[in-house]
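The values are calculated or read from the model by the stated rules, or taken from the named source; none is laboratory data. If you're wondering where the values come from, they're calculated on a predicted model, not measured in any experiment. With ideal geometry, Cβ positions are generated from the backbone for all residues, glycine too; neighbour counts draw on all protein chains shown. In case anyone asks, the SASA skips ligands and DNA or RNA and just uses the protein heavy atoms, side chains included. Shrake-Rupley method; radii C 1.70, N 1.55, O 1.52, S 1.80 Å.
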Amino acid sequence: MKKSLITIVGAACLTAVMGLSPVFAGDTLQVKGSDTLVHLSSSWAEKFMEKKPASEVAITGGGSGTGISALLNGTADLANASRKMKDLEKDKIKSQGFEPVEFIVAKDGIGVIVHPSNPINQLNMNQIKQIFTGQVNNWKKYGGPKAKILLYTRDSSSGTFAFFQKRVLKEKDYSVRARRLASNSAIVESVSKDVNAIGYVGLGYVAEAGDRVKALKVREGDGPAVSPTQETVKNDTYPISRGLQVYSKGQPKGLAKEFVDYMLSAEGQQIVNDRGFVAVQ
Amino acid sequence: MTKKQLSDLVVKYLFQIAASMTVLIVALIFLFLFKESIPFVRDLGLGALFDVRWEPVSYVKERFGIYPLFLGSLSVTFLATIIAIPFGVIGAVYISEIATPLEREIFKPFVELLAGIPSVVLGFFGMVVLAPIVKAVFHLSSGLNALTGALLLALMAIPTIISISEDALKSVPMSYKQASLALGANKLETIWRVTVPAALSGIIAAIMLGMGRVIGETMTVLMVTGNAPIPTLNPFESVRTMTATIAAEMGEVAFGSVHYSSLFWVGIILLIATFILNMIAQRVLKNYKRRPHG
């Protein structure tokens, strides 16, 4: 009696496990990394799996660093990264006998946003630098109202933080008074509420925020003032743009290669545009 | 050895293993923290932790001073405790000494409910509702500051303080109160002059345990304090606590880098701080229990 019960329970468990995990049915691909890329990556995976129903692509966020260390210890096949791989990380992959391979799968522009009531419409790169490093702390200096500038940046863990620091701040440190928020949405939310605020977010978030914030036109040197749009990021006239990367350990093979090819295909790049980023091709 | 003796022995060992599990896990966590933090000492030396700036991602000079983070945790914890004490202690006195049984039936589940609110929900509430209010009331440029964080953390400490203080107040012997009332003191005088002083060490332990909860809290402070590592005790400035730093930076940091290892030092200091706090609370509680009553 007892024995038969165990057999039944055991069989039930086994069927449940097999039923619930299509993992056993075909190939599975683990993609881990940047939170900036996680939605775009999921959209790719969804469409990709429609075409190849036997395969399974699992997308996880957690951050660029998390993704790259997962690639290192073999728990991920591909790593999404919103920043370039660091030398330390490259060396670790090389010490395992692999070459790190980088694919730029999309482009993203970073919009500098202020409250809609702010009279300032454009700034040049140097002025933005002076604001974010804290050298200039009053809007009056650039023809705005006499009010202290309230700085919002992303947290130091974010790939966007590091990119903005390199591209705009010319590798100088951010002002210590800059409030550091955990997400793009939190920055949009805060800037839309504070009349003296300034912050920066990805292109997709600028479009989504609509009239709640104002994206400044940005000038590089004496060049023209350019608004951040998909068009201006694509033709490189908007000065603050970057590539979003996927990394693999050695040349990708099998399902990983197919998935990378899919991202870079015309259909994959259309998804990039639909998601508010900018296609690379 | 009989079968019975053998089974006794087996059960004894099983129980022993279960009991020593916590000790083992704590030891392993300590070991792990120290192991991961060693590369920092090797590369930069312990002195780098005493810098006054926390600037882990920098092209100029990476700086890993825990001082502003420590100050951030300290100011938020201190403020939250100051705010929570009156509500917690007076609430406990009311529930234990004054409330009718019906009121008690209503209050107690709500106190437990408050204790059970997930911190991310409180953080969201803080960001959307409380921060704009703090900003408007104090005419600040931003509501994301130490005070907003402390107000929310106080909400988390209050249930802890209430339940443990209430236990302490309840265990004051009836004879104390009866003696006081017999001497002609009224109810309020009895509470403040006799009951509360008799339960004082229990109340202090309750406050310490509330502080322990506050100092380790992460999600709420990450969401509402603005996270700028300014070395300040001004409640209207943005602060970055030790817990928020670990949570925010662990995700993107390059595995095995100096920055990675520095976050483990932040963890060690946090662990030591909570350890000391808990130890003091336990000691106070023990003294209180040992004291002869009635």
Dipole size in debye (nearest 20) for chain A around its Cα centre, Lys and Arg Cβ +1, Asp and Glu Cβ -1? 1000
Which of B:Trp192, B:Trp265, B:Trp54 moves most in a GNM of chain B, Cα contacts under 10 Å? B:Trp192
Just the accessible area for A:His39, please: 1.4 Å probe, Å², rounded to the nearest 10? 110
B:Met223 accessible area, assembled protein chains, probe 1.4 Å, Å²: 40
Sequence order, the stretch A:211-220: Karplus ³J(HN,Hα) from phi using 6.51 cos²θ - 1.76 cosθ + 1.60, θ = phi - 60°, Hz rounded, Gly and Pro as x, gives 7, 6, 9, 10, 8, 6, 7, 10, 10, 9
How big is the stretch B:63-290 by the Kirkwood estimate over distinct Cα pairs, in Å? 19.0
Expressed as a whole-number percentage, the relative contact order of the stretch B:63-290 with C-alpha contacts under 8 angstrom and at least six residues apart is 30
Please report the accessible area of B:Arg63 (heavy atoms, 1.4 Å probe, ligands and nucleic acids excluded) in Å², nearest 10. 70
For the protein assembly as shown, give the share of DSSP beta bridges that are antiparallel, in percent and rounded to the nearest 5; count only bridges with both residues there. 60
Shielding of A:155-165 by partners, i.e. mean partner chain Cβ atoms within 10 Å per residue? 5
Compute, for the stretch A:108-234, the length of the dipole vector about the Cα centre, with Cβ point charges of +1 (Lys, Arg) and -1 (Asp, Glu) only. Units Debye, rounded to 20. 480
Between the residues B:Phe107, B:Leu74, B:Gly91, the Cα farthest towards the positive end of the dipole of the stretch B:1-150, that dipole coming from +1 and -1 charges on the beta-carbon of Lys, Arg, Asp and Glu, is from B:Leu74
Using a 1.4 angstrom probe on heavy atoms only, work out the carbon and sulfur share of the accessible area of the protein assembly as shown in %. 65
Grab every C-alpha pair in the protein assembly as shown, bin the distances at 10 angstrom width from 0 up to the longest one, and report whole percents. 3, 14, 20, 22, 18, 12, 7, 3, 1, 0
What dipole magnitude, in Debye to the nearest 20, does the stretch B:177-270 give about its Cα centre under +1 on Lys/Arg Cβ and -1 on Asp/Glu Cβ? 540
At 222 nm, what helix-only mean residue ellipticity would chain A give, in deg cm²/dmol to the nearest 500, using -39500 (n - 2.57) for each DSSP H run of four or more? -11500 deg cm²/dmol
Residue by residue through the stretch A:273-281, which ³J(HN,Hα) values in whole Hz follow from phi under the Karplus form 6.51 cos²θ - 1.76 cosθ + 1.60 (θ = phi - 60°), with glycine and proline marked x? 5, 4, 7, x, 9, 10, 5, 8, 10
Cβ-Cβ cut-off under 14 Å around B:Ser119, Lys and Arg +1, Asp and Glu -1: the net charge is 0
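Given the peptides B:22-35, B:120-133, arrange them by the average over their residues of other C-beta atoms within 10 Å, most packed first.
By packing density, highest mean first, the sequence is B:120-133, B:22-35.
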May I ask for the angle, rounded to the nearest 10°, between helix A:254-264 and the longest principal axis of chain A, with both axes built from Cα atoms and the value confined to 0 to 90°? 30
Protection-proxy order for peptides A:137-146, B:135-144, each taking the mean of Cβ atoms within 10 Å per residue, highest first: B:135-144, A:137-146
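At 27 Å minimum axial length over the Cα atoms and a Kyte-Doolittle cut of 0.5, report the qualifying DSSP H helices in chain B, or say none.
Flagged H segments are B:3-43, B:67-93, B:146-170, B:196-216, B:258-290.
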Give me a single rounded figure for A:178-191: the average over its residues of other chain Cβ atoms within 10 Å of their Cβ. 4
Chain A - Rg over Rh from alpha carbon coordinates, Kirkwood radius: 1.09
Only helices counted: for chain B, with every DSSP H run of 4 or more residues adding -39500 (n - 2.57) and the sum spread over all residues, [θ] at 222 nm is -23500 deg cm²/dmol
